[in-house]
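Rule-based calculations on the coordinates, nothing more; no lab input. Treat the numbers as computed from the prediction; the structure is a model and nothing was measured. With ideal geometry, Cβ positions are generated from the backbone for all residues, glycine too; neighbour counts draw on all protein chains shown.
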Amino acid sequence: MSNIMEKLELTAQSMYCKKIEELTPSELHLSLGKAVMGEIADNWAASKAKHNSERRAYYFSAEFLMGRMMYNNLYCLGILDDVKKMLKKKGVDINVFEDIDDAALGNGGLGRLAACYLDSAATMEVPLDGYGIRYKYGLFKQLIKDGYQVEVADDWQRFDDPWCLRREDEAVTVSFKGQTVKAVPYDMAVIGCKTTNINTLRLWQAEAINEFDFQAFNNTEYNRAVQEKNDAENITKVLYPNDNKYEGKVLRLKQQYFFCSASLQDIMRRYKAKHGNDFSFFAKENAIQLNDTHPVCSIPELVRLLMNEGMNFDEAFEIARKTCAYTNHTVLGEALEKWHADLMMQVIPEIYHIICLIANKLQEELTAKGISEDMKAKMRIVDANTVHMARLATYAGTYVNGVAKLHTEILKDDVLKEWYQVYPERFQNKTNGITQRRWLGLCNPELAALITEKVGSDNWLIDLSLLSKLNDCIDAKTITKFNTIKKKKKVQLAEYIKKMDGVEINPDSIYDIQVKRLHEYKRQLLNAFSIMTIYFRIKEGKLPNWTPTTFIFGAKAAPGYARAKAIIKYINEIADLVNNDPDTKDKLKVVFISNYNVSYAEKIVVAADLSEQTSTAGLEASGTGNMKFMLNGALTLGTYDGANIEIAECAGEENEYIFGARVEDIERLKKEGYDPKKLYEANPEIKKVVDTLIDGTFDDDGAQGEGSFAELHNALINGTSWQEADHYFHIYDLPLYVETKIRANKDYANRKEFGKKCLINIANAGKFSSDRAIVEYAKDIWHTSYRKV
Ligand code: 26W
């Protein structure tokens with residue numbers, strides 16, 4: 001321990017000629033980060049050597065949403081409290097790091113899952129390393145101006161980055177048609193908990209091979225002098241901010257191919273150092289997990305690289321197929337990647353050619369299996385000049401998995417139904433998980449201490465199933481302790497929201513929270529409508545016993561997603577109305593917090609009473625926020641969807657607030673012909689609420705009937721030329737949702753009973769550890785070693 005402080009002192013001295021207490025926050029961040037890196041160097045090297053000596057796996061992902069590393073790394077090394085104390089002695093508050101923001105190299109669920117999986121693999125000693133992209137700019141920062149979202153670039157590297165080591169010596173080149181660039185790896189250590197194991201996240205940065213064209217410069221062609229540099233660097237300049245919406249852009253395809261090719265070259269180089277040109281062990285020693293379809297051009301690229309080593313197509317394909325496995329994270333049609341053949345041909349023609357070979361091989365294989373022409377047509381990888389990436393991944397891999405039980409079932413009997421009929425043995429379920437180190441230990445030390453006391457040790461940090469021991473100690477005293485902790489976290493969140501967003505909230509109110517990306521299918525609009533319904537009822541004196549409630553929203557909208565942006569504005573308009581209405585301002589408060597991110601989430605999930613998970617049944621593949629809330633003792637107010645179902649199964653449906661149409665109901669409604677307009681016209685309360693979009697209650701700066709609120713209204717009631725009315729079933733679910741919300745509000749008044757439910761949730765959250773999930777991947781998909789705890 002004194003060790004790390006000595007290292008810090010030396011680093012401060014050598015980097016800045018300063019004493020610890022003289023460092024600015026960002027200097028301290030860099031020096032302490034470097035000191036930590038020095039501390040772990042030997043363990044890191046030993047872990048690398050170990051991974052290299054056994055069968056290992058790689059997690060290929062276009063996104064890794066890591067969150068702040070400083071506290072997490074100190075925590076996993078078991079030295080956070082000591083460092084805090086030692087810094088305090090020097091007059092330095094460890095909270096200074098809160099002002100140094102982290103790299104947000106991901107959009108939402110998929111990227112955060114990748115980060116939780118790396119964390120769990122390190123702790124569970126699974127030889128798994130990550131490969132991704134080092135974006136110069138991560139996900140945009142969100143400001144709220146006049147109720148509207150405004151995006152600002154996220155220049156996360158301006159504080160420097162102590163956690164990544166640049167490995168110039170291991171750079172490789174990647175070629176596109178007419179352009180060759182350098183891929184430079186940056187390695188981040190992923191530190192395990194209660195182990196010496198340390199895994200690696202290797203992120204690639206695109207750079208020019210020739211930075212500067214002197215000839216052009218001499219000819220006064222200044223732009224051309226730096227043209228190559230700019231063109232190369234543009235590839236990893238920015239993270240695409242779309243979540244669940246596919247965009248067929250050249251630059252995006254370049255990003256994908258860039259990191260896949262660089263990663264595979266890296267793996268091949270390591271392999272060749274061991275085995276020379278004999279590739280017969282390749283698939284025995286390496287497993288590659290494709291995080292959704294974004295890294296799927298790895299399949300043809302691996303075939304290409306192997307063919308370059310002298311293999312024929314069939315041999316190369318066999319190795320690629322045995323090496324790769326694919327995880328699907330969404331069933332939304334608009335999210336499924338389908339590249340135009342022309343575009344692919346224009347950017348990566350060799351890869352397109354190999355995809356065609358694979359597509360033909362599939363058709364031959366299906367013919368040999370006696371599959372009907374009709375079905376063969378439905379399974380085409382290249383169809384009508386379009387490359388279907390999910391099909392390619394399903395064909396050219398060992399396994400395909402969904403991320404929650406329901407989601408996997410939907411893949412099997414809907415999205416990939418033909419595939420399931422032909423290759424049933426390839427389908428698996430791997431219900432998502434979250435790391436309890438960050439999402440309980442680090443963000444909720446008070447609750448963590450209570451759990452340690454009840455469980456009898458802090459071994460739940462590496463074995464979350466131990467939480468079940470809590471089931472035997474849910475007594476009045478423990479409930480009171482839990483309620484006291486929850487109150488403390490609510491006070492802390494209130495202070496933070498005041499500081500960040502300038503809004504005051506009442507810690508004695510119920511905290512009803514919905515934080516996640518903004519998307520119509522997640523139905524933040526349903527939540528907004530329910531608040532308006534309750535608002536009107538309170539004004540009419542119909543809810544005399546209503547317990548004051550604070551509704552907290554946090555959500556980024558993709559910059560090009562107009563409806564999502566309109567919903568943000570609508571929520572802010574509601575906040576303006578109910579927070580200032582003397583009839584309701586003590587009973588309802590609505591807050592839209594700005595720039596919701598991992599660090600904000602750490603403060604939010606711990607303070608929630610109710611966790612809003614309101615997606616249209618069948619559409620949220622899993623959800624992982626729901627698990628973070630559960631682990632911190634919030635009750636789920638949600639639909640029968642994704643992992644909500646498994647949460648209710650584990651904690652008991654009586655301990656959640658489950659409402660609304662189920663998948664079967666949605667199917668039936670679609671078949672019968674769902675008519676939201678009829679429901680709206682038949683129910684004056686619904687009509688009044690939905691019409692606040694158009695009746696002048698709120699202002700969206702649009703001319704009457706032409707603004708973004710009117711567009712939302714029209715999409716709900718009349719539909720558009722490209723989508724039926726109320727595509728996401730808001731109006732059908734609204735009455736059920738409102739009644740469930742009111743029931744939860746009544747139940748909350750009995751603090752003991754409510755607290756008991758919270759503790760039951762915590763006691764049964766063990767399944768939702770990403771440690772459990774990662775070990776399932778290690779056992780059932782990768783066949784690698786793992787830690788037995
Ligand atoms: C190409 C545009 C694009 C970008 C991101 C399409 C699709 C995505 C992701 C697959 C969307 C995503 O993050 N899906 C979420 O994955 C989580 C982790 O498995 C799940 O918990 C969420 O339910 C799912 O929406």
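The figures follow:
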| read-out | value |
| --- | --- |
| Cβ-based net charge around residue 474, under 13 Å, with every Lys or Arg adding one and every Asp or Glu removing one | +4 |
| Rg/Rh for segment 270-330, where both radii come from Cα atoms and Rh is the Kirkwood radius | 0.99 |
| Residue-span extension gain [residue 360 to residue 563] - 0.36 nm each, minus C-alpha spacing | 69.0 nm |
| Length released on extending from residue 88 to residue 150, taking residue separation times 0.36 nm less the Cα-Cα span | 18.5 nm |
| The chain: Cα Rg divided by the 2.2 N^0.38 Å rule of thumb | 0.96 |
| Nonlocal amide H pairs with residue 137, under 5 Å, H built at 1.01 Å | 238, 239 |
| Cα Rg, Dmax, segment 546-634, angstrom units | 14.4, 41 |
| Whole-Hz ³J(HN,Hα) from phi, Karplus 6.51 cos²θ - 1.76 cosθ + 1.60, for segment 446-451, glycine and proline x | 5, 5, 4, 5, 4, 5 |
| Amide H partners (placed H, <5 Å) of residue 176, local residues excluded | 181 |
| For segment 118-259: relative contact order, % (alpha-carbon pairs under 8 angstrom, 6 or more apart) | 27 percent |
| Sum of -39500 (n - 2.57) over DSSP H runs of 4+, divided by residues of the chain (222 nm, nearest 500) | -14000 deg cm²/dmol |
| Along principal axes, Cα extents of segment 343-468, largest first, whole Å | 63, 35, 19 |
| Local electrostatic count at residue 577 - Lys and Arg +1, Asp and Glu -1, tallied over other residues with Cβ under 12 Å | -2 |
| Given 569/670; 454/516; 245/678; 628/767, the pairs whose alpha carbons are separated by over 23 Å | 569/670; 454/516; 245/678 |
| For segment 377-418 and segment 507-579, distance of Cα centres in Å | 36 Å |
| Computed E for residue 322/residue 384 - FRET, C-beta separation, R0 25 angstrom, nearest 0.05 | 0.25 |
| Inter-label distance for residue 278 and residue 649, nm, one decimal - labels placed 7 Å from Cα along Cα-to-Cβ | 4.6 nm |
| Using θ = phi - 60° and Karplus 6.51 cos²θ - 1.76 cosθ + 1.60, couplings along segment 261-276 (whole Hz; Gly, Pro as x) | 5, 4, 5, 5, 4, 5, 5, 5, 4, 4, 5, 5, 4, 8, 10, x |
| For the chain: relative contact order, % (alpha-carbon pairs under 8 angstrom, 6 or more apart) | 13 percent |
| Under-5 Å amide H pairs with residue 769, H placed in peptide plane, nonlocal only | 434 |
| Fewest-first ranking of 612, 301, 495, using other Cβ atoms within 10 Å as the exposure measure | 495, 301, 612 |
| Phi-based couplings in Hz for segment 137-143 (Karplus 6.51, -1.76, 1.60; Gly and Pro marked x) | 10, x, 4, 3, 8, 10, 10 |
| Segment 675-787 - convex hull of the alpha-carbon atoms, volume per residue in Å³ | 216 Å³ |
| Relative contact order (%) - criterion: Cα under 8 Å, at least six apart; region: segment 149-198 | 30 percent |
| Full-stretch length increase - residue 539, residue 723 - with 0.36 nm per residue and alpha-carbon distance subtracted | 62.7 nm |
| Nearest-20 debye value, the chain charge dipole, Cβ charges on Lys, Arg, Asp, Glu | 1680 debye |
| Computed over segment 500-556, Cα set: Rg, Dmax in Å | 13.0, 35 |
| GluC sites (Glu not before Pro) restricted to DSSP loop in segment 630-711 with at most 13 other C-beta within 10 Å | 706 |
| C-alpha center-to-center spacing [segment 100-135, segment 196-250] in angstrom | 22 Å |
| Out-of-range pairs (alpha-carbon distance over 28 Å; input 50/272; 490/752; 338/687) | 338/687 |
| Ranked 574, 568, criterion: other C-beta atoms within 10 Å, fewest first | 568, 574 |
| Kirkwood-type radius of segment 297-348, with distances r between different C-alpha atoms, in Å | 12.9 Å |
| Size descriptor, Kirkwood hydrodynamic radius, that averages inverse alpha-carbon separations across segment 603-761, Å | 17.3 Å |
| Ranking of 188, 345, 15 by count of other Cβ atoms within 10 Å, fewest first | 15, 345, 188 |
